[in-house]
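Here's the structure we're looking at; comments come further down.
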Amino acid sequence: MSAKIPAWCTAAVLWLMSASAFAQGLPEAAPSGDRAQASQGAAAAPRRTARNERSSSRRRGRRPPSLSVGFANGGALANGVALREDHLVRHLPGRPHHHGTEELVALIRRAASAVARDFAGSRLTVGDLSDHDGGPIGHHASHQSGRDVDLAFYVTDARSRPMHVNDYISFNGQGRPIAGGNVRFDVARNWSLVSALLDDPAVRVEHIFVSTPLRALLLEHARAIHARPMLLVRAQLVLHQPVRALPHSNHFHVRIACPDGDAQCVEGVRPRPRPRSRARVASARQPRGRATAAPRSRRGH
Ligand SMILES: [Zn+2]
């Protein structure tokens, strides 16, 4: 009897093998100089698609392209790229997973750069992306295939001076901390981030999770500054509070669509077991008792 190996698994192993061949003498995860430059100057550069970047990367022979495999909540990542800290980006302490597809990492850098152009000195605080090879990580149901990232909100102090946070802070619909304090949700900079993500020339954002009250605050600001109607419509579609999960009142959760060429990538989420079947299992285990549904955990995405 022969064991059946899934096609995506074979593809991932092949890419990993080719990665180790290419990696001799190369920093595994750091973006190359011109790629970083291209990422940060994307707004002024001619439109570059992910497919174009991939082909030119292959031609230059620098590294094999990253691959998002399977579902965001049941998948893997091959040849992931690490998001490094610099003047545009910092890591949120205690969130150690910094690998994503090259498309996601480039998107984060371009968005952080766009906000810094609008608001000099801004530095984006980034939480978890995915593990080096993807797969399940703590705190998250998804973040498995290199297409998810958590972004801390831009905040100010009570006198509107920008500041950095070392943990996520939950805000209410007035942009005030739910737990109290002098930190404020910086609506203008957070809208600048959202619009940069949605206007990106190369990567399509599938959704941005954020709580309903903060979504309303952002859209109200966008209308007040006369954001382009198409951008506003897109923001209304993409920003939303998730169901069956935490409301995301303390960070943005961004998921990008499957990159061009990632044939094993699957959009949407892997279906959860139906509650009825779980009740049946519980019933089978407790033949004389009443079946009770297991409590649903409210994990982050
Ligand atoms: Zn998340």
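Has the stretch 227-247 got any residue that is assigned to a loop (DSSP other than H, G, I, E, B), more than 30 Å from Ser66 (Cβ to Cβ) and at pLDDT 95 or above? Yes, the stretch 227-247 contains a residue that is assigned to a loop (DSSP other than H, G, I, E, B), more than 30 Å from Ser66 (Cβ to Cβ) and at pLDDT 95 or above.
Based on what the data block shows, is Leu219 farther than 17 Å from Ile108 by Cβ and either out of contact with any Lys or Arg (no Cβ under 7 Å at 6 or more places or on another chain) or in a helix (DSSP H, G or I) (or both)? Against the criterion (farther than 17 Å from Ile108 by Cβ and either out of contact with any Lys or Arg (no Cβ under 7 Å at 6 or more places or on another chain) or in a helix (DSSP H, G or I) (or both)), Leu219 qualifies.
Of the residues making up the stretch 195-210, just one is out of contact with any Lys or Arg (no Cβ under 9 Å at 6 or more places or on another chain) and closer than 14 Å to Ala152 by Cβ, namely Val210.
Taking the stretch 146-163, which residues are in a loop (DSSP other than H, G, I, E, B) and either touching a Gly at 6+ places or on another chain (Cβ under 8 Å) or within 16 Å of the ligand (Cβ to nearest atom) (or both)? Gly146, Arg147, Phe153 - these are the residues of the stretch 146-163 that are in a loop (DSSP other than H, G, I, E, B) and either touching a Gly at 6+ places or on another chain (Cβ under 8 Å) or within 16 Å of the ligand (Cβ to nearest atom) (or both). Restricting Arg63, Arg90, Arg117 to residues that are in a helix (DSSP H, G or I), charged (D, E, K, R) and either touching a Ser or Thr at 6+ places or on another chain (Cβ under 6 Å) or away from the ligand (no atom under 13 Å from the Cβ) (or both) narrows the list to Arg117. Collect the residues in the stretch 180-216 that are farther than 20 Å from Ala120 by Cα, outside any helix (DSSP H, G or I), in contact with a Ser or Thr (Cβ under 7 Å, 6 or more places away or on another chain) and not hydroxyl-bearing (Ser, Thr, Tyr), keeping them in residue-number order. Result: Ala202, single match. Return the residues of the stretch 122-135 that are within 13 Å of the ligand (Cβ to nearest atom) and either assigned to a loop (DSSP other than H, G, I, E, B) or surrounded by fewer than 20 Cβ atoms within 10 Å (Cβ to Cβ) (or both); say none if nothing qualifies. Of everything in the stretch 122-135, those that are within 13 Å of the ligand (Cβ to nearest atom) and either assigned to a loop (DSSP other than H, G, I, E, B) or surrounded by fewer than 20 Cβ atoms within 10 Å (Cβ to Cβ) (or both) turn out to be Gly127, Asp128, Leu129.
Considering each residue of the stretch 72-86 in turn, at least one proves to be polar (S, T, N, Q) and either within 18 Å of Pro162 (Cβ to Cβ) or within 16 Å of the ligand (Cβ to nearest atom) (or both).
The values are calculated or read from the model by the stated rules, or taken from the named source; none is laboratory data. These numbers were taken from a predicted model, which means no experiment stands behind them. Reconstructed Cβ throughout: ideal geometry from the backbone, glycine too, with neighbour counts over all protein chains shown.
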